[in-house]
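Read-outs: derived from the displayed coordinates by stated rules, not from any lab. No experiment lies behind these values; they were computed from the predicted model shown. Neighbour counts are summed over all protein chains in view; Cβ atoms, including those assigned to glycine, are modelled from backbone coordinates with ideal geometry.
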Amino acid sequence: MGAEAPRPRVAALALAVGLVLADSSIVVLALPEIYRELDTSVAGVSWVLVSFNLVMALAAVPAAHLARRVGPGRSAAVGLAVFAGAGLACGIADQLSTLLAARCVQALGGALAVTAVLELLPATVGSERRAAAIWATAGATGAALGPAVGGLLTELVSWQSIFLIQVPIALVAAVPIFAVARQEAATGVLSTELRQTGRPHLLANLALALVSAAIAGALFLLVLLLIEGWRLTPIGAAIVVSVMPLAALLGSRLDGLVRSARARAAAGAILVSGGLGGLALLPKAEVALTLPPQVMIGIGLALVLSALTETALSGRAPQAIHGGWTISARHAGVVIGILAVTPIFTHDIAEQRHDAIDAGTAVILDSRVPPLLKLDLAQKIESRLDQEKGKVPTIGPAFEPLPDDPEERDEVVQLRDELQEQLNRGATHAFSPSFGLAALIGLLSLIPIGLARRIEL
Amino acid sequence: MNDGRRSQLLVGGAIIAAVALVGIYLVAGGASYTPAKTQDPCKHRTWRDPEGLQQIAEQFTLSALDGAACQLGVSRETLARALATPEARERFTERYDISDDKLARAVRAGLLRAVDDAEEAGALNPLLAAPLRETLRSIPLDQAIELINNAESLLDDVQGFLGPAQSFLEQFLP
């Protein structure tokens, strides 16, 4: 069957994996929009990501067992149908609680689909190794493209469209799988060979969890820094963070050059941590300065995720169960990463914002602009702070209209720029400890990677 | 080149790239940021070229803000924004757990310090400073808050806080 593998079915299976795994990151760029529209907190909105990843982490292995019991075709078909239905519910949710509940159901469907697909792929492509490669590549591609696609949809349509567009895509991916499900129902026999499960590769999965925590923290923080800290539009932020998946494509080319999975995993973890270290030490609030760290993280994540997934699946059967463990480890890592960094940066950003606003007000009060104007500006700044409710404000409107007198206008423009600079640097600095923590978590993954050199589980 | 050598190169290259990026960002000032500090409002600030009634009134307001902020243990900048609107004032008193009485007392103390500073800067004749202090000591609490709160009336019309002393002020301006 391998050489004559039906391309539409392989494409559909890869699409299903890519779609589900994109969902763990696709909403990242929509979070600020959801945050505003559903009138919640940063911690609250982070659960839109956390809930999905948490359920995926918990459900992946049981879902893999279920797929082997009831048949992977049926399991994948049901999983995709549930995923699509829950996606529709996410798209029409008008409350955070409804959205979170729908996200949990979506993750359940996703876990069923993605693990069942790993069981279907070997029979479709004729080789477990090739199946694992297609599965890992589809998942990595989906996860890497997710944020950029989500950002584009949020800007061009709405955050709801991110979920609604998944419905037809999931159904298209499910069509060829329904045929397998019907075949399973007709024969009543599982098409997959039942083999000894074997223990999961603990060290590879632990390293996967740690690296995923670091990467999730990086993505979540970078998006919030760009949109909430530096006030880029979602589409602008999408363009900026698309550097990471592009770099990941470059990194995947390095895969073939070095055979040692441990070397690739170690190099990848070092690059991810180095990139995060760079983001923790941004010298200025400039988008261009995020690019070298992003390139490093992108190359690193391509190296480390594929190497660790390969190690976790290598020589282990059945693939679905071990694939389930890698899914579980990765998504648990995402949850840990987001939960670890959120409280730190929400606290820091509030503090930095206050200091920066005070420093900016001092600049205004001590300036040479006419007294009435400076007190008026201080009042308008207070109004802007009130309007933007705890976020890093765009301070420009507080300075409108600019004075007619050219000299006064120059003074005011200078004041405005100084204050905005204070705010931008304050916001950037507020993210530093969280990026630093994510870098540290990435470095910690070197411990299981290093141990795996001596201990083969 | 064998695979072992390629592995070493890959890991070594990753270490060099990571250290280089972190090092370059450190050298460029990545760890040096500290927000510009606001000055301690309890420290005396020399008045800046008080020329004309408007400039004096401005320095007077800033001194009063310093004095009140010092009493309340907050920065002058925080207090300036807090007194901008009634809503801002409410948020401020809630956040710092300050009663209206305490706020008003602090504002009155700030106004008295402003008179001292004005006198010291030579912007206010001592003959006028004494009755002005008396006026401010007996000024109703709400009016004392209003005096700083409503900067426009302070700057446009010194009558708002000097009352009958306005003519003296203009007469005694250096």
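Observations
- Ranking of B:7, B:63 by neighbouring Cβ atoms within 10 Å, starting from the fewest: B:7, B:63.
- Between the stretch A:38-81 and the stretch A:86-152, the alpha-carbon center distance in angstrom: 8
- Backbone phi angles across the stretch A:72-77, fed through the Karplus curve with coefficients 6.51, -1.76 and 1.60 (θ = phi - 60°), yield HN-Hα couplings of x, x, 5, 4, 5, 5 Hz in residue order; Gly and Pro are listed as x.
- Along the stretch A:16-30 the Karplus relation, 6.51 cos²θ - 1.76 cosθ + 1.60 evaluated at θ = phi - 60°, assigns HN-Hα couplings of 4, 5, x, 5, 5, 6, 5, 5, 6, 10, 5, 8, 3, 6, 8 Hz to successive residues, with x for each Gly and Pro.
- Per residue, the average separation of C-alpha pairs within less than 8 Å and at least 6 apart gives the stretch A:9-155 a relative contact order of 43 percent.
- Extension gain, residue A:179-residue A:284: 0.36 nm per intervening residue step, less the Cα-Cα distance, totals 32.2 nm.
- Computed extension gain for residue B:105 through residue B:34, at 0.36 nm per residue and net of the alpha carbon distance, reaches 22.2 nm.
- Modelled spin labels at residue A:171 and residue B:137, positioned 7 Å past Cα toward Cβ, are 8.4 nm from each other.
- The order of B:120, B:87, going from fewest to most other C-beta atoms within 10 Å of their C-beta, is B:87, B:120.
- Per-residue Karplus couplings for the stretch A:412-421, computed as 6.51 cos²θ - 1.76 cosθ + 1.60 with θ equal to phi - 60°, are listed in order as 5, 4, 5, 4, 4, 5, 5, 5, 5, 4 Hz, Gly and Pro entered as x.
- Relative contact order of chain A, pairs being alpha-carbon contacts under 8 Å that are 6 or more residues apart, as %: 22
- Neighbour-count order for A:233, B:38, fewest beta carbons within 10 angstrom listed first: A:233, B:38
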